[in-house]
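The values are calculated or read from the model by the stated rules, or taken from the named source; none is laboratory data. Treat the numbers as computed from the prediction; the structure is a model and nothing was measured. We place every Cβ from the backbone using ideal geometry, glycine too, and count neighbours over all the protein chains shown.
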Amino acid sequence: MRAKKTSSIKKVDAFWGYTFIIIPFVGLILFSIIPLIMTIYASLTAWPLGQSFFDAKFIGLKNYKELFHADLFWKSLGNTFFYMIGIPIGLFLSLIFANLMNRGTGYENTFRVIFYVPVVTSIVAVSFVFQRLFMSDGGVINTFLQNIGVTNPPNWLGHPQYTKWVIIIMSVWKGLGSSIILYIAGMQGISNSYYEAATIDGATGLKMFRYITLPLLKPVTFYLIVTSVIGGAQMYVEPRLIFAANGPANSTFTTVIYLYDYTFSNSRAGYGSAIAVVLGVIVFGLTALQLYVNRRTSK
Amino acid sequence: MNLNQKMKTGYKVLIYFLLLLVTLMTIYPFAWMISSSLKENKDVFNFPIEWIPGTPRWKNYVEIWQKIPLGIFMKNTVKLSVIVTFLQVLTSSFAAYAFAKLDFKGKNILFMCYIATIAIPWQAYMVPQFIMMSSMGLNNTHLAIICLQAFSAFGVFMMRQFYMKIPDELCEAARIDGLSEYGIWLRIMVPNSMPAITTLIIFTFVTTWNDFLGPQIYLTETRLKTIQIGLRMFSTQYTSDYALIMAASVATLIPVLIVFLSLQKYFVQGMMSSAVKG
């Protein structure tokens, strides 16, 4: 009797399940999965953007061969990953500030709102402000550096050695609020009894942070790393807006800019698709690897 | 005891000092933005910075609407952001309900599809997507942007995480009371997931409002463009009009701030329960 009842509920479930999932899933297939499959095929063709997708000439792995021999591609990939230096810096800073804010300053909410404002601000506006702040002549930062006695402040926007740091600093600044909020949310989920027990055992603040807070925040850290790597691989707007071209000596050039330019400016959608596939595989692979490592170390 | 107390006070002072420092660094670019937006163009780079201009030039905020069709851009962006946000929250919470509370064949495979899609950057398939949309006659329409942002794998994932924590018993009880599945979704799931919904609203609204690459690809006609493209247009056309560019930036920031501030109360709770415990 009982078994029968569950199975009838299951049947109801299945029917209703499909009614709920059908529209979202058709959307996913139509706008994500089909284009994704098309990309993979297109990467094996010579496909001028204007031409119909189905007329594109199949050329095998030629695009990939060209891609792997293109210095500019490796440069763009190197730059894209260089920007990810900002991820650990951002995590470290947000962990510290989340911890400070969580200590009952009484103004947590105010701080939280302030730190989140850069996150909701558009990258276009932020890029513009940062470009002006970092100008070598008359920019606020270098004027400040000169005033405190730095005689030869860096040429932030003009020298390939510094250009990437402008973007990294800006990204960390912009993203800090988001990871702070997540860390605070994580910290509030940690039961006080852990800390009480540790206090009885004579643990001090730093030790508690190291052995209780940090390990229990691991899911948050993991989530932040995974999403930041996925987001970081998509770097496009920031360098494009701050450095009109690709920065001095292509120093701010990224893989997505490469992809965009080849596809839309040079109209080589087949080659662009090969870039897209390589980028997709790298990001997907990195994410899978992180999931795997996370699962192994959690056990 | 005295030493201990002194240390505690010192510690507190240090905390406040650090927090104040980082707050200043956070606010600084905004303060500069707002202050510049009220200046004569030639005064923007004066040093030391005159934070509160002697005679604020409010006219900047009038001129920005006349120099470029900012009004049209604003209207387009509001329209897109509202529609996309509404649809994305709706489709995400629909799929999430199925994944969290119902059983059906192929559920795990479908869910894997969603997770995999999160891990693949949009840029990896934006080109065929664009071609597909164009062949459907959707290039240079707002519908294109709406279609491609109405479905979000991340949104589904986030809502599902939250729905998983709503007890099954609630749904069972409602089912026994004769509520249909749609009734359960509307009367039980939606009201019980306000933190997750508001979080998703903030995410989606902000993302759509600030999106650059999507509109750059799809919307090439001035009458269709969004505010970010307009802002960019402004800054390339009037490169040296810093004061005006800053005024336009401030103007575009206000709506998104209003949305964020009015919903932020639930935000931390929403983040905690949906994103953190993945």
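Brief remarks on what is shown
- The single residue among B:Leu70, B:Leu80 that is in the same structural domain as B:Thr204 (by TED's automatic domain parsing), farther than 30 Å from A:Ile169 by Cβ and not polar (S, T, N, Q) turns out to be B:Leu80.
- Residue list for segment A:31-48, restricted to those being farther than 10 Å from A:Tyr271 by Cβ and either of a type in the set (Phe, Trp, Tyr) or at the interface with chain B (Cβ under 8 Å from one of its Cβ atoms) (or both): A:Phe31, A:Ser32, A:Ile33, A:Ile34, A:Pro35, A:Leu36, A:Met38, A:Thr39, A:Tyr41
- Inter-residue pairs, beta-carbon under 7 Å, first of a type in the set (Lys, Arg) and in segment A:186-200, second surrounded by 14 or more Cβ atoms within 10 Å (Cβ to Cβ), 6+ apart: none
- Selection from segment B:45-93 of residues that are among the acidic types (Asp, Glu) and not in a helix (DSSP H, G or I): B:Glu50
- Yes/no for A:Val256 being assigned to a helix (DSSP H, G or I), within 12 Å of another protein chain (Cβ to nearest Cβ) and under 14 Å from the mean Cα position of the chain (by Cα): yes
- Among the candidates A:Phe58, A:Phe92, A:Phe73, A:Phe54, residue that is buried (at least 17 other Cβ atoms within 10 Å of the Cβ) and aromatic (Phe, Trp, Tyr): A:Phe73
- Evaluating B:Ile245 against the criteria (1) facing chain A (nearest Cβ under 9 Å); (2) closer than 28 Å to A:Leu259 by Cβ leaves one unmet condition, (2).
- Condition met for B:Asn108 (at pLDDT 90 or above, more than 11 Å from chain A (Cβ to nearest Cβ) and in a helix (DSSP H, G or I)): yes
- Checked against (1) surrounded by fewer than 21 Cβ atoms within 10 Å (Cβ to Cβ); (2) within 13 Å of chain B (Cβ to nearest Cβ); (3) in contact (Cβ under 8 Å) with a residue 60 or more places away in the chain; (4) of a type outside the set (Ser, Thr, Tyr), A:Phe128 passes all but condition (1).
- Among the residues listed as B:Ala95, B:Ala124, the single one being touching a residue at least 24 places away in the same chain (Cβ under 8 Å), facing another protein chain (nearest Cβ under 9 Å), buried (at least 23 other Cβ atoms within 10 Å of the Cβ) and among the small types (Gly, Ala, Ser): B:Ala95
- Any hit, segment B:187-206, residues being free of Cβ contacts under 8 Å to residues at least 60 places away in the same chain, closer than 19 Å to B:Gln88 by Cβ and either in a loop (DSSP other than H, G, I, E, B) or aliphatic (A, V, I, L, M) (or both): yes
Matching residues to (1) in contact with a Cys (Cβ under 9 Å, 6 or more places away or on another chain); (2) assigned to a helix (DSSP H, G or I); (3) of a type in the set (A, V, I, L, M):
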| residue | (1), (2), (3) |
| --- | --- |
| A:Ala198 | no, yes, yes |
| A:Phe209 | no, yes, no |
| A:Thr213 | no, yes, no |
| A:Phe222 | no, yes, no |
| A:Gln234 | no, no, no |
| A:Ala244 | no, no, yes |
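- Test result for A:Gly280, closer than 25 Å to A:Ala46 by Cα and either surrounded by 22 or more Cβ atoms within 10 Å (Cβ to Cβ) or not aromatic (Phe, Trp, Tyr) (or both): yes
Okay, residues lined up against (1) free of Cβ contacts under 8 Å to residues at least 40 places away in the same chain; (2) out of contact with any Ser or Thr (no Cβ under 9 Å at 6 or more places or on another chain):
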residue	(1), (2)
A:Ile85	no, yes
A:Leu91	no, no
A:Val119	no, no
A:Asn142	yes, no
A:Ile148	yes, yes
